[in-house]
Amino acid sequence: MNILLTGATGNLGTHITEQAIEAKLANFKIGVRNMDKVPLQWQKEVSVRQLDYFNVDSMVTAFKEIDLVVFIPSIIHPSFKRLPEVENLVTAAKIAGVSHILFIGYYADQHNNPFHMSPYFGYAERLLASSGIPYTYVRMAMYMDPLVPYLTELKKIGKLIYPAGNGKINYIARNDIAKGVVAILKNKTYLGSRYLLSGYSYTMEELAKILTHVSGTKISYDPVSLETFGEMYDEPKGFGPLLASMYQAGAMGLLDQQSNDLEHLTGDKPETFESYLERNYRE
């Protein structure tokens, strides 16, 4: 079975690629927009194909003789600007004769979720369901990885300011998500299902205590308003309100989702937030 991973040089794609290479996953190939970003070592290990999510012809060419496409969406916003990429995915897959799509989505996709990207994920899954192409849908919880570089700023202000209220948010490391995806690719019997790759859920009070312990600096939970948070992190323009809408979903309890899918697929439990930070945080 020939496999092509798109978005291979992105944050998550890098973890998946490195784990697939380490596992010696047979017939594994990668697709990227910018060939210059592909590490030289990868070029020795895997076949690399160029593609652009907004150029369906490039996707058709990249998908030639591919059986399974693993698709990682872009991070373009607002939501409607991303719709062509999933439309092109399905169109190109049909033309090229791809027999299966593994789509990596996000867990903030409920019908009442205020997260600004929720409409995209809702549309993508329904498009796949109506495409006639067999598919696997992987929903991932929130990345814990960005808290490592952010912790330096949090130490300076002594506050965790996410506007999530008393809601719990489930976090998982990109490395664990990649483990789950590679496990699916290694075992065909796992294809065709819907998965939630999640870790553990934390209130922001609990998270602040973990950040305090790891950093050695008192960090309290002192949330700002949604509007203030959006203004503070509005770079690039429009990203702040988008980020705030995600924490609004957290305050509504919509991001407190857990499953044992990762353990079922890999035999391993997900890493805890405290363990991850202790391994990766350096002052």
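Is there any pair with a first residue in the range 124-135 that is at pLDDT 95 or above and a second that is part of a loop (DSSP other than H, G, I, E, B) whose Cβ atoms are under 7 Å apart and which are 6 or more apart or on different chains, and what are they? From the range 124-135, the pairs are Ile133/Val98; Pro134/Ser99; Pro134/Gly192.
For the range 251-275, name all the residues that are aliphatic (A, V, I, L, M) and open to solvent by 40 Å² or more (accessible area, probe 1.4 Å).
Across the range 251-275, the qualifying residues are Ala251, Met252.
Out of the residues in the range 1-59 meeting the condition of being within 21 Å of Gly97 (Cβ to Cβ) and assigned to a helix (DSSP H, G or I), tell me which one is most open to solvent (accessible area, probe 1.4 Å). In this case the residue turns out to be Asp57. Scanning the range 184-202 for residues that are small (Gly, Ala, Ser), within 30 Å of Tyr247 (Cα to Cα) and open to solvent by 10 Å² or more (accessible area, probe 1.4 Å) turns up Ser193, Ser201.
Has the range 101-120 got any residue that is over 30 Å from Tyr171 (Cβ atoms) and either open to solvent by 20 Å² or more (accessible area, probe 1.4 Å) or part of a loop (DSSP other than H, G, I, E, B) (or both)? Within the range 101-120 (the criterion being over 30 Å from Tyr171 (Cβ atoms) and either open to solvent by 20 Å² or more (accessible area, probe 1.4 Å) or part of a loop (DSSP other than H, G, I, E, B) (or both)), the answer is no, since none of the residues qualifies. Among the residues of the range 232-283, those that are part of a loop (DSSP other than H, G, I, E, B), at pLDDT 95 or above and of a type in the set (Asp, Glu) comprise Asp256, Asp268, Glu271. Residues in the range 207-222 that are in contact with a strand residue (DSSP E or B) (Cβ under 8 Å, 6 or more places away or on another chain) and either under 18 Å from Met142 (Cβ atoms) or open to solvent by 60 Å² or more (accessible area, probe 1.4 Å) (or both): Leu207, Ala208, Ile210, Leu211, Tyr221, Asp222.
Of the candidates Val56, Val38, Val32, Val86, the single residue that is in contact (Cβ under 8 Å) with a residue 12 or more places away in the chain, in contact with a strand residue (DSSP E or B) (Cβ under 6 Å, 6 or more places away or on another chain) and among the β-branched types (Val, Ile, Thr) is Val38.
Select from the range 158-183 the residues that are open to solvent by less than 50 Å² (accessible area, probe 1.4 Å) and closer than 24 Å to Thr228 by Cβ and list them in ascending order. Outline the logic, then answer.
From the range 158-183, those open to solvent by less than 50 Å² (accessible area, probe 1.4 Å) are 158, 160-165, 167, 169-174, 176-178, 180-183; that's our starting set.
Listed by number, the residues that qualify are Gly158, Leu160, Ile161, Tyr162, Pro163, Ala164, Gly165, Gly167, Ile169, Tyr171.
Pairs linking a residue in the range 98-112 that is farther than 29 Å from Lys188 by Cβ to a residue that is part of a loop (DSSP other than H, G, I, E, B) and open to solvent by 20 Å² or more (accessible area, probe 1.4 Å), with Cβ atoms under 9 Å and 6 or more positions apart or on different chains, are Ala108/Pro114; Ala108/Leu254; Gln110/Leu254; Asn112/Met252; Asn112/Leu254.
Could you run through the range 153-189 and say how many residues are in a helix (DSSP H, G or I) and in contact (Cβ under 8 Å) with a residue 24 or more places away in the chain? First the steps, then the outcome.
Applying the first criterion (in a helix (DSSP H, G or I)) to the range 153-189 yields 153-157, 174-186, 188-189.
With in contact (Cβ under 8 Å) with a residue 24 or more places away in the chain added as a condition, the list becomes 154-155, 174-186, 188.
The number of residues fulfilling the criteria is 16.
The values are calculated or read from the model by the stated rules, or taken from the named source; none is laboratory data. Since the model is a prediction, treat every value here as computed from it, not as a measurement. Every residue, glycine among them, receives a Cβ derived from its backbone with ideal geometry; neighbour counts consider all protein chains shown. The area values use the complete protein model at the heavy-atom level, side chains included, leaving out ligands, DNA and RNA. Shrake-Rupley method; radii C 1.70, N 1.55, O 1.52, S 1.80 Å.
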